[in-house]
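Structure first, then comments.
Laboratory data are not the source of any read-out in this text; all were calculated from the coordinates shown. Bear in mind that the values here come from a model prediction, so they are computed numbers and not experimental data. Note that we place each Cβ from the backbone using ideal geometry, even for glycine, and neighbour counts take in every protein chain shown.
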Amino acid sequence: MASTIAAAPVRSAGPSLRVRLYATLGVSGLISLVVIVIIASAAAFAPWVAPYDPQTTDLTSVFASPSPSHPLGTDALGRDLLSRLIWGGRTTFIGPLLVIIVSTIIGSALGITSAWVGGHVDNVIARFLDVMFALPGIVFALVAVAIYGAGLTAAVIGLSISYIPYVARVVRGAALRERKLPYVAACSVQGFSALRICVRHLLPNLRTIITAQAVASLGFAVVELAGISFLGLGVQPPTPDWGVSVATGLQAALQGYPAEALYAGTLIVVVVVAFNVLGDRLAATAESAKR
Amino acid sequence: MTLLDVHDLCLEIRNRVRTRRIIDHVSFSVAKGEALGLVGESGCGKSMTARSLMGLLPPGAKLEGEVVFEGSDIVRMSQPELRAYRATKVAMIFQDPRAHTNPVRSIGDFLTEAQCEVGGVKRSVARRRAIALLDSVGIPDGERRLSQYPHQLSGGLLQRVMIASALASDPALLLADEPTTALDVTTQAEVMAILGRLRREHEVALLFITHNLELAAATCDRTAVMYAGRIVEVQKSSALHDRPLHPYTSGLLCSRPSIEHTERRLMVIPGRPVAAYDADDGCAFAPRCAYAEPRCRMERPRDETFDKAAVACHRAAELQGSLPTGYVEAVS
C-alpha cells in the first residue's frame, strides 16, 4: 500500500509587490524606475498633461523667460518649451522601445539557435555577428535612411539591426549554460522537439537575463536615437523630439538662449542614467539568482 | 519475450586530446515486465549505459553496437523516430529530481505537457489523468499540487512526481538512474515501494541503476554487475547474493556491513576503481583481484555462461561456489 503524505498548508500569497520590487531593484533601481515611470507617463498622457500644443507658434512671446504661463519659457518661434519636451518624450521613448523589442526578439532567436544547434551553425552565426559588431549603429542607420528616407522608421530599423549582435551574444552565452542543465535532458527524454524545449523551457529560464540586457540597452538606444535625430536623420522638425530639441536649441544657444538645449540634454541624460541603473540592478539580481 | 536487447554496445567520447572508451562491449537483455538491476561503483559506466539507451549522449560521443527495442535499433534511429520512441516507449527517472524539473514551470505543466503536446490529449483530460497518477504515487491532494512549483515540494515528493510523469506515457520500459540516491533512507523505502508496485501494476520493464546491492536484489529479478565499462556478471538477484561468480561481486558483497557481526573495519577491495579507458589489456579487475593469475593480466576474459548466469572471469569455473559473500575472519 502506498503511503500518503498529509496535506501541508501552502502559503497562499507571496510577498507583496512592493517587497518583491525592492528585493529585485534596491533603492537606486526603485528611484530609476520611478523617474522613468513619471517621464514616460507624462509623455504618454501628453495631450492632457502638456499645457500647450507643441506646434503652436506665438511670435509675440519669443524666447520668453520662465513665467507662470510658460513654466520653462518658449523657443525661437514662441512655442512652449515644457509642452514640447513632454510631447518630445513620446518619440524619445517609442523609438528606442521599438528598437529594443525588434532586436531582442531577433537576437534571442539567433542566440538560442546558435547555442542549441552548435557546430558549424554556431560558427557561422558567431562570425556573422562579429562582422556586425565591427560596424557602429550609426552606419546601419545611415544605410536605412538612404533606403527609406530620413525619419523615425529608418532610424529605428537601422538601430534595431545594430543592436541584434549584443543581444545574441548575451543570450547565446546564457543559453549554452542553461542547456547543459539536467532538466533540459529530462525534456528530451519525454520526446519534446527542439523547438518546444527552446521556446517553452529555455526561454522562460533566460528571461531575467534577456530583460536585464534589454533595459540596459534601452538607455543606449535613447542616446543613439536622439543623436540620429540631432543630426537631422531621425525625427524631423517640427515634430517635437529631445534630439531635435537639442539641435534647434543649439541654434538658440548661439543667440544667447541655451534653455531648450539644456533642458532636452538634461532629460536625455536623466533617462539614460535611469535605464542603465535599472538594467544593472536587474542584471545583478539575475546573476545572484543563478548562484 | 525479449523487450530490449543490447548487443556489444560501445560508447566512446572524444574530446580535443583523446578518445575515451566509457562503455566496453556491454550486452544484456530485458524481458517484458522484467526488472534488471545494474550495479557498480561510481564511474563504471552504468549511468552512461542508461543514457545510451535513451539516445541522450554528450557531445562528441560515438555509440556502436546494437540496442534493439521491440525489433528496431535505437543506435540507427533518425531524430523523429528517436523522439517518438522516447515519447511513447521508454521513460526515465533521474537521481536528482530537483535538477531535472524546470524551476519555472508548475507541476501541472510538467505532468501534462507531454500528454498534451506529444500525445495529443485534451488539456482537461490530461489534468484529470495527472491527478489520478499523483494519487497512485501516494499524493492525494493532486488538484492542489498541480498548481505548485518544484521548489515547493520536498525531494521525496518530487521524485514521486517524476515517477508519475514517467508513467504518464504508458511506457514499456522504465529506466531508473539511482532514483533514491538523493533521498534519505525512509523516503527511499517509500519511493522504492511505489516504484515496485506500479511496475507490477503497469507491467513495465525496469532497468534499475544503483550502487546499492541490497536495493537491487530487493527490487530486481536479475542483477548485472558492472566494472570499468563492462558487465562482469549477470545472475538472478538471489543467486548473485548467495553464489557470486565473479571475484568483484564477491568483493562488493564482503564489503557490506553485516547485522550479525560488528566489525571494527569493513573489508575493502584494495586499490581504486579504474575507468574503461584506463584498463590494461587483461581483465580490468585483475590488479585488485585476490584470485588473479598471470593470464588474467594478459588476456581479456570472455563472457562465459553458467546455466542462466553469465560471468566474465577466467577462473569462474574453478572458483564457482567458493567465493565468500559476507563477513570473513580478518586475514591480516
Under the span-like rule (Cα at least 15 Å along the axis, Kyte-Doolittle mean at least 0.5), DSSP H helices of chain B: B:155-167
If you plug each phi of the range A:206-217 into the Karplus form 6.51 cos²θ - 1.76 cosθ + 1.60 with θ = phi - 60°, what whole-Hz ³J(HN,Hα) values come out, in order, with x for Gly and Pro? 9, 4, 5, 5, 5, 4, 4, 4, 5, 5, 5, 5
Quote the FRET efficiency, to the nearest 0.05, computed for A:ARG196 versus A:TRP48 with a Förster distance R0 of 45 Å and r equal to the Cβ-Cβ distance. 0.50
Note, the range B:293-309: 3J(HN,Hα) by Karplus (6.51, -1.76, 1.60, θ = phi - 60°), whole Hz, Gly/Pro = x, goes 10, x, 6, 4, 7, 9, 10, 7, x, 8, 6, 10, 9, 10, 2, 6, 10
Between A:THR266 and A:TYR148, what length in nm is gained on full extension when 0.36 nm per residue of separation is reduced by their alpha carbon distance? 39.4 nm
If you build the Cα gyration tensor of the protein assembly as shown and take the root of 5 times each eigenvalue, what three semi-axes come out, in whole angstrom, biggest first? 67, 26, 21
Which aspartates and glutamates, if any, have their Cα less than 15 Å from the Cα of B:LYS236, not counting same-chain residues under 8 positions apart? B:GLU34, B:GLU214, B:ASP221, B:ASP307
What is the magnitude of the charge dipole of the range B:228-332 about its Cα centre, with +1 placed on the Cβ of each Lys and Arg, -1 on the Cβ of each Asp and Glu, and no other charges, expressed in debye to the nearest 20? 180
Inter-chain Cβ neighbour average for residues B:161-168, partner chain, 10 Å: 1
Please state the charge dipole magnitude for the range B:1-43, taken about the Cα centre, from unit charges on C-beta atoms (+1 on K and R, -1 on D and E), reported in debye and rounded to the nearest 20. 380
Other residues with Cβ under 11 Å from the Cβ of B:ILE131 give, with Lys and Arg +1 and Asp and Glu -1, a net charge of +2
How far is the Cα center of the range B:172-219 from the Cα center of the range A:49-113, in Å? 66
For every helix of n ≥ 4 consecutive DSSP H residues, a contribution of -39,500 (n - 2.57) applies; sum these over the protein assembly as shown, divide by its total residues, and give [θ] at 222 nm rounded to the nearest 500 deg cm²/dmol. -16000 deg cm²/dmol
For B:LYS122, counting only aspartates and glutamates whose alpha-carbon sits under 14 Å away and dropping same-chain residues fewer than eight positions off, the answer is B:ASP109, B:GLU113
Assuming R0 = 41 Å, can you tell me the calculated FRET efficiency for the pair B:GLU70 and B:THR305, based on Cβ-Cβ distance, to the nearest 0.05? 0.95
Ordering of B:59-71, B:312-324 by packing [mean C-beta count within 10 Å, highest first]: B:312-324, B:59-71
Could you tell me, in Å, what Rg and Dmax come out for the Cα atoms of the range B:135-254? 16.2, 52
If amide H atoms are modeled at 1.01 Å from N in the peptide plane, then the residues at a separation of 5 or more from B:LEU3, or on another chain, having amide H under 5 Å from its own are B:VAL30, B:ALA31, B:LYS32
So for chain B, Kirkwood radius off the Cα pairs, Stokes-Einstein at 20 °C and 1.002 mPa s: how many µm² s⁻¹? 102
Setting aside same-chain residues fewer than 8 positions from B:LYS62, which lysines have a Cα under 20 Å from its Cα? A:LYS180, B:LYS46
For the range B:1-41 and the range B:92-157, what is the centre-to-centre distance using only Cα atoms, to the nearest Å? 30
Considering every residue in A:191-198, what mean count of other chain Cβ atoms within 10 Å of its Cβ is obtained? 4
Sparsely packed trypsin sites (Lys or Arg not before Pro) within the range B:1-46, loop by DSSP, other Cβ within 10 Å at most 13: B:ARG16, B:ARG18
Summed side-chain charge close to A:TYR52 - residues other than A:TYR52 whose Cβ falls under 14 Å, Lys, Arg +1, Asp, Glu -1: -2
Can you give the translational diffusion coefficient of the range B:196-332 in µm²/s, computed by Stokes-Einstein from the Kirkwood radius over Cα pairs at 20 °C and 1.002 mPa s? 134
Grab the Cα-Cα distance for B:ASP184 and B:VAL268, subtract it from 0.36 nm times how many residues apart they are, and report the gain in nm with one decimal. 27.8 nm
Counting Lys and Arg as +1 and Asp and Glu as -1, what is the net charge of the other residues whose Cβ lies under 14 Å from the Cβ of B:SER169? +1
Cα gyration tensor shape for chain A, rounded if a/c is under 1.5, else prolate or oblate: oblate
Between the range B:269-286 and the range A:128-196, the alpha-carbon center distance in angstrom: 49
Under a plain spin-label model, where a point goes 7 Å from the Cα along Cα-to-Cβ, how far apart in nm are B:ASP278 and B:ARG256? 2.7
